[in-house]
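Data block below; observations after.
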Amino acid sequence: MMKIFGIILSISFLLSAGPVLAQDEIQEVKFEAKLSKKSLGINERLRVDFVMNKDGDNFNPPSFENFTVVGGPNHSISNSWINGKRTYSKTYSYFLAPKKRGTFTIGQATTEINGNIYKTIPITVEVTAAVSKPRDPNDPDYIVSQNIHLVAEVSKTNPYINEAIYVVYKLYVSPNLGVSNWREIDNPRYNDFWSQNIDMKGIKVQNGSYKGEDYRFVVLRKTVLYPQKTGKLDIEPLVMDITVEVPSNRRDIFGGRIMRKVNKTVAAGNRTIRVKPLPEANKPVNFNGAVGEFSFFVSTTKDELKASEALVAKVEVSGKGNLKLFKLPKLNLPSSLEVYEPEHDERVQTNLGGMQGKISDSYTIVPSYQGRYPIPSISFSYFNPKTERYETISSKELVINVDEGPLNNAVNAETVNTKKEIVTAANLFATFKTNTELVSTEKSTFFKSKLFWTSLLAPILAIPLAILVRRRQEARENDLLGNKKRQADRLARKFLGEARQAIGDKEEFYEALHMALHNYLKAKINLETSEFSKEKIDELLRGRKVADETVTGFLQLLQSCEIARFTPSTRAAMQEDYEKASKVISNIDKQIR
């Protein structure tokens, strides 16, 4: 009996549940989009809900063209049973801010339900001009709009071209609100400005005031700008999405206010800068665009040296201004000096006041002949925005005295001491003997002796030998390229020897080593001073079948010479560089073709 009763009970349950299951299976699938409003002002927000009555997968929203997504997607599910009837709802919500006025379409969203793809119907929404919002003190959006502000503070709105200004972005928040998160939506692009952001170490909350009221604020960004164009220039706004915690009228079980999170898009208003041109009146001819306050001088490492020794002449500008935006004046040096391309060095820091530091060009100079070589005075002009005047600084004339070395006949007599002792006609033959001693040859056996025939034939045989030697000498003298290579080879060996003796004296060692490497290349691959660059050296050495490892070692050695001039160096490091130079020169000698 119990078994029969159980069967009857099971059949009754299935009969009662059958209609519910069938109803759920045959329920029509619905997937639609719903708007919070069909028309809104450009200063309002729109909520879009995508609702489905069955569980779906692979949901894809539309692109939301002409709108900015300021919130979402928020995902919610509702599942309930009422009088045996099941109700299911799954919703994806987005909060949109319009970008401009007009009539726009919210496109189709798609989802997959039971293996089938479903799409929503596109919906049209109208965006009108800004509307007046009711000033409800309990409306979270209104509270946020009145108590949070993003401000761009500009140091100067009417600078001269190439005069430094700065812009600081500050976020002001009322003490009654809290900010839990923010992100930049649109970064400003500083068109027609040279710009550099200032590194900030952390965000610090500070107390201040905004429009006479107490606020807390944080500095989000600092940027230094140098206008590169005159006229009206715009600084684009910084746009941010901020999550703000607003107190509501609801309270928790302990009596504290429940905070409500509100997403707010804020922007630092577009700022306009009117850039003044530099005055044309009294503008120096040599003005090269420098704006600021500067010092200028020219110096040399030596004023007395020997021929084939090296010295460095430095042209330097220091101070505060657009140091990276102009070129230094060039040195005017005598053509008889061998001059390398200048090495440019920048030691500049940028803060809110603009660029500060110094820039310099260093010329390596090698005189080939003795003499007195003047370095003429050169001038540097800049515009001082504080005094609104042009200022010019001139360097002192410098003189290089070369005491020892070969004479250059082409050099002016005032420059090189070419005085020779004058030989008078009376003394012209002073070295010839005028007294002779006659010796009798009557008993001599010199005639027809070996010495006789040798003396007779030797001049005749010496004539072609003398002609051959003379021709070789003339060929050697006329071989300008060969003579230049031989001289460069001698200089290379000389400087390499000087470098070995100068180990321990950083400046003298690396100058000698650099000159040794340079003259070695002049001797080996006919590299001119004007072509002395790492790219050209790499090209020529590889073209002569020198191994890649050897070429790399040579270039690294050159770089070490350049860097060591401005950094500390130990005796051990100098010894190591000298050994590397000897090794790499030996390798090139073996490999070059």
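For segment 544-593, a tally of residues being under 19 Å from G497 (Cα atoms), more than 25 Å from the chain's Cα centre (by Cα), among the hydrophobic types (A, V, I, L, M, F, W, C) and at pLDDT 80 or above returns 6.
Of the residues that make up segment 88-101, is at least one of a type in the set (G, A, S) and within 41 Å of the chain's Cα centre (by Cα)? So far as segment 88-101 goes, yes, one or more of its residues are of a type in the set (G, A, S) and within 41 Å of the chain's Cα centre (by Cα). Across segment 318-325, not a single residue is classified as within 21 Å of Y373 (Cβ to Cβ) and of a type in the set (S, T, N, Q). Scanning segment 330-361 for residues that are within 23 Å of the chain's Cα centre (by Cα) and over 20 Å from F495 (Cα atoms) yields a total of 20. crowded, with 16+ Cβ neighbours inside 10 Å, at pLDDT below 85 and more than 15 Å from V275 (Cβ to Cβ), is that true of M200? So M200 does not fit the description; no. Scanning segment 47-100 for residues that are not in a strand (DSSP E or B) and not polar (S, T, N, Q) yields a total of 10.
Looking at K170, K156, K222, just one residue is assigned to a loop (DSSP other than H, G, I, E, B) and not small (G, A, S), and that residue is K156. Mind telling me which of the residues S299, S336 ends up being small (G, A, S), modelled with pLDDT of 90 or more and within 15 Å of P376 (Cβ to Cβ)? Matching residue, one of S299, S336: S299.
The values are calculated or read from the model by the stated rules, or taken from the named source; none is laboratory data. It should be emphasised that the depicted structure is a prediction, and the values quoted were computed from it without experimental measurement. Here the Cβ is made from the backbone with ideal geometry for all residues, glycine too, and neighbour counts use every protein chain on show.
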